[in-house]
Amino acid sequence: ISVLPIDDIVQGITGNLLKVYLKPYFAEADRPVREGDVFIVHAAMHAVEFKVIVTEPSPYCIVTSRTIIHCDGDPIKREEEEISLNGIRYDDIGGIRKQLVQIKEMVELPLKHPQLFKTIGAKPPRNILLYGPPGT
């Protein structure tokens, strides 16, 4: 795989990022990664963010202690990374279609069509409570 650090995090950090951060991180466990993933590695009293640039096979792979890791090139600018995060859409979330429809009705409809609620004399919802086990 090929990964690059995020630029504002590595300012002032000296040493070999591959040896100090990446090798120990991936030696601990087999880790699935996807091109475009951003992950944080804690080591040497610092936390460094890395972005997965290329995987082999593409676009997913499992990184083991035997995987060759490349960390060559200039760090990625945070602004560029944040722009790519804005591309997340409802279609990127799988397995909860029924809940997504409810959220769209409760949140998007009043924002996109406030006249509809005024016409029928109903007050649009002012908040939404999402609950469930962590990670769901």
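The values are calculated or read from the model by the stated rules, or taken from the named source; none is laboratory data. Quick caveat, the model's predicted, so the values are computed rather than measured. Heads up, the Cβs are rebuilt from the backbone with ideal geometry, glycines too, and the neighbour counts pull from every protein chain shown.
Between Thr67, Thr14, which is part of a loop (DSSP other than H, G, I, E, B) and either touching a helix residue (DSSP H, G or I) at 6+ places or on another chain (Cβ under 7 Å) or among the basic types (Lys, Arg) (or both)?
Of the residues listed, the single one that is part of a loop (DSSP other than H, G, I, E, B) and either touching a helix residue (DSSP H, G or I) at 6+ places or on another chain (Cβ under 7 Å) or among the basic types (Lys, Arg) (or both) is Thr67.
For segment 27-64: of the residues being within 18 Å of Asn16 (Cα to Cα) and either part of a loop (DSSP other than H, G, I, E, B) or of a type in the set (S, T, N, Q) (or both), which is modelled with the lowest pLDDT?
Taking segment 27-64 as the starting set, the residues that turn out to be within 18 Å of Asn16 (Cα to Cα) are 27, 39-52.
Remaining after also requiring either part of a loop (DSSP other than H, G, I, E, B) or of a type in the set (S, T, N, Q) (or both): 44-45.
Numbers: Ala44: 83, Met45: 86.
Checked segment 27-64; the qualifying residue modelled with the lowest pLDDT is Ala44.
Can you say whether Thr119 is out of contact with any Cys (no Cβ under 9 Å at 6 or more places or on another chain) and hydroxyl-bearing (Ser, Thr, Tyr), as far as the supplied structure shows?
Criteria met by Thr119.
Taking the residues in segment 2-19 that are of a type in the set (A, V, I, L, M) and farther than 22 Å from Cys61 by Cα as candidates, determine which candidate is farthest from the chain's Cα centre (by Cα).
Taking the candidates together, the pick is Ile13.
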